[in-house]
Amino acid sequence: MRHYLNPYDLTPSELSNVLSLGQDIAQNTDKYSNFCAGKILATLFFEPSTRTRLSFESAMLRMGGKVLGFSSADSSSAAKGESVADTIRMIGGYADICAIRHPLEGAPMRAGMFASIPVINAGDGAHQHPTQTLTDLITILGRKKRLDNLKIGFCGDLKYGRTVHSLMAALSRYSGNTFVLISPQQLRAPVRYIEAAQEAGTPCVECTDLEENIGQLDILYMTRIQKERFVDVKKYEQVKGSYILTAEKMEKAKPDMAVLHPLPRVNEIAIDVDNDDRAAYFEQAQNGVYVRMALILALLGLAPFGKLASKSDEKTNSGINVETESKAKCQNRHCITNAEADTNAVFARDDNGAYKCIYCENPSEALV
Ligand code: NCD
């Protein structure tokens with residue numbers, strides 16, 4: 001059984017199959033209207049969502065399946081103190097596949113360890129959001145007809161923006177890409193994601209000015225400042241409204257640049273950009289349904305391209321191989337291991353010999 005917890009959990013060839021299937025589904029949605037008859041998707045959302053949860057539900061319903069779930073932690077037994085491990089243990093009896101969103105980093109991985117059904121990470125804290133990445137990739141593919149040799153500008157909250165972390169990981173697997181990372185100093189992308197991209201051969205340039213850099217980009221990926229991740233509201237106030245894309249700024253961009261945004265937007269993109277042909281964000285949100293249909297089919301073994309191998313030969317789980325269980329605490333206080341008493345921190349060495357927490361990928365200085 002396979003889970004989809006981070007972008008590396010599909011090999012490049014599997015990813016290509018899923019994206020092609022998503023494209024076919026977009027063209028011939030009705031053809032798939034019975035593919036999930038008799039199957040149930042559980043959506044376990046411990047954090048707010050509009051597009052992700054509804055597009056998962058729409059995906060399953062459009063394939064003749066059924067859905068159940070909850071849309072906030074308050075309406076689940078998490079409010080009574082139940083652990084993720086306990087919650088997920090029963091879900092296998094209630095559904096055939098599940099999508100989980102959780103504020104704690106690594107919660108979907110924890111769920112995957114105890115689940116008897118495929119688990120999909122629908123966003124875990126500031127860590128990863130790999131199905132948004134599928135949505136982003138299929139949109140880029142639609143606009144540019146390729147995923148390589150692109151200059152991609154990521155703009156806004158690159159520190160807490162989980163969609164950015166996942167998309168950087170995914171796009172760094174293709175050759176010839178360059179990342180232009182545009183953010184306030186306080187919201188720079190975590191070093192580990194930049195290093196991983198560079199090691200994969202993707203140059204990263206960090207800067208703070210959108211207008212100065214927009215002219216060189218093939219893709220501009222705008223993001224919302226993730227207010228809910230700030231511990232100190234004053235720090236949010238200092239950076240809110242840092243970047244606002246307007247029709248005037250778009251005049252400096254290439255005629256075939258595409259503007260993406262995972263949505264919701266607050267004020268990062270002025271509405272005068274919406275009618276620009278280069279605005280791809282609403283098309284991107286629609287693509288989320290098709291590509292999630294493709295992912296569900298792949299994980300259930302119902303895709304026309306056949307079953308996924310039971311365990312991928314190529315790197316999964318960010319290349320982490322579990323090596324060291326430790327009494328040491330993960331230093332990331334938003335990691336599942338620090339919130340749930342029954343979850344021991346587990347550290348593993350990456351390819352460079354550095355230790356990282358397997359749940360949230362935070363480097364562990366304690367063990368280095
Ligand atoms: C994103 C998320 O939840 O991380 N939204 C989404 O899933 N489309 C981005 C965001 O909330 O800013």
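Computed quantities for the displayed model
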quantity: Residue-averaged [θ]222 nm for the chain, counting only DSSP H segments that reach four residues, each worth -39500 (n - 2.57); calculated: -9500 deg cm²/dmol
quantity: Value in Å of the Kirkwood radius, where region 224-298 supplies the Cα pairs that are averaged; calculated: 14.4
quantity: Vicinal HN-Hα couplings computed from phi for region 231-246 (Karplus, 6.51 cos²θ - 1.76 cosθ + 1.60; Hz; Gly/Pro x); calculated: 7, 10, 4, 4, 5, 5, 4, 5, 10, 5, x, 4, 10, 10, 7, 10
quantity: Virtual spin-label span in nm between residue 20 and residue 341, 7 Å along Cα→Cβ; calculated: 5.2
quantity: Cross-link pairs 151/252; 145/249; 151/356 - those with Cα-Cα distance over 18 Å; calculated: 145/249; 151/356
quantity: Difference of contour (0.36 nm per residue) and Cα-Cα distance, residue 144 to residue 328; calculated: 61.6 nm
quantity: Relative contact order for region 138-257, counting Cα pairs under 8 Å that sit 6 or more residues apart, in percent; calculated: 30
quantity: Loop GluC sites (Glu not before Pro), region 210-313, which have at most 14 other Cβ atoms in a 10 Å radius of their Cβ (DSSP); calculated: 251
quantity: Region 90-139 shape via C-alpha gyration tensor axes, a/c threshold 1.5; calculated: oblate
quantity: Cβ-derived FRET efficiency at R0 35 Å, residue 82 paired with residue 37, nearest 0.05; calculated: 0.65
quantity: Proportion of all alpha-carbon pairs of the chain beyond 38 Å (%); calculated: 13
quantity: Trypsin sites (Lys or Arg not before Pro) restricted to region 159-260 and DSSP loop, no more than 11 other C-beta within 10 Å; calculated: none
quantity: Within straight-line cross-link reach of residue 307, lysines at Cα separation under 26 Å, skipping those fewer than 8 residues along the same chain; calculated: 31, 39, 66, 315
quantity: Unpaired by the 4.7 Å Cβ criterion, cysteines found in the chain; calculated: 36, 98, 155, 204, 207
quantity: Full-stretch length increase - residue 265, residue 90 - with 0.36 nm per residue and alpha-carbon distance subtracted; calculated: 59.4 nm
quantity: Nearby lysines by direct alpha-carbon distance to residue 240 (threshold 16 angstrom, same-chain neighbours under 8 apart not counted); calculated: 159, 227
quantity: Pair residue 351, residue 211: separation of 7 Å Cα→Cβ label points (nm); calculated: 4.0
quantity: Share of alpha-carbon pairs per 10 Å distance bin for region 136-211, given as whole %; calculated: 20, 55, 24, 1
quantity: Eligible aspartates and glutamates near residue 235 by straight Cα distance, threshold 16 Å, same-chain separation 8 or greater; calculated: 157
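Just so you know, all these numbers are worked out from the coordinates, no wet-lab data involved. The structure displayed is predicted, hence computed values, not measured ones. Positions of Cβ are generated from backbone atoms using ideal geometry, with glycine treated the same way; all protein chains shown enter the neighbour counts.
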